[in-house]
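Heads up: the structure comes next, in structure tokens.
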Amino acid sequence: MDADAAYAPPASYRPGYELVAERILQLIAELELRPGDRMPTENELAGRMGTSRTVVREAVKILSALGRVRAHKGRGLYVADDEGMLGSSRWGGFFLPTDLDHVYMLFEFRRVQETAAARHAATRATPAELHAIEVAADLCREGHLTGHAALFDRGDDDFHHAVAAASHNQFLVAAVREARRLQRQSNIIGLNGAVGSHTAEAVQEHAAIHEAIRRGDQEAAAVAAAVHVDRTLDDYRREIQRRVFG
């Protein structure tokens, strides 16, 4: 039995529109569509995929929110213009949000880039950048304590972007931004936004990263960033096991 077959989830595992959203991404890759290219219509997609136009429309809404598809009223669907290094047509065709191997590779990549960003930030962060990191960490904490997931998510994004910005390396900034976007795509399409059970730990992990950067301790900053990424991956693993094995 191959890895994909071993991982094949039960039919009730995901809503139909999530499955269709992923199949649309696969179709974009198969047709070798580039940013700005026109896509098949909703009716054509429904016919290709043996589903209703309503389901296709919901899938398109997800992909639009993720920045992968643009819907122009009266003009049709287009592959979104995307200059990001990981969101380009090459990477967009490579990454599938529910392929476990792809998710693991993405986290492996995140670990490399975010440990490097934290290490550099420890010696390069300006007072203003340290403040931005602290504000983002506080926003995450507030979101966790008040139970506002959207607030936590915003703080989480701000935190990682602020650490990357403090590295003063624009390649790391772009890599962190794009990898986190693919992770969000995997969460929304693959796991229906369910990942996020370790918010309390994440708040503590953010604090450890911030403190190490504030002290100028490169090694501690890199270790704290690695721990945070690894524990986030553990969160994904637990949710996948819960959904697949009950």
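Every read-out reported here was derived from the displayed coordinates using simple, explicitly stated rules and does not represent laboratory data. From a predicted model like this one, the values you see are computed outputs, not experimental measurements.
Some observations on this one:
- For the pair segment 24-38 / segment 115-154, the C-alpha centres are spaced 35 Å from each other.
- Descending semi-axes in Å of segment 95-245, equivalent ellipsoid built from Cα gyration tensor: 25, 17, 13
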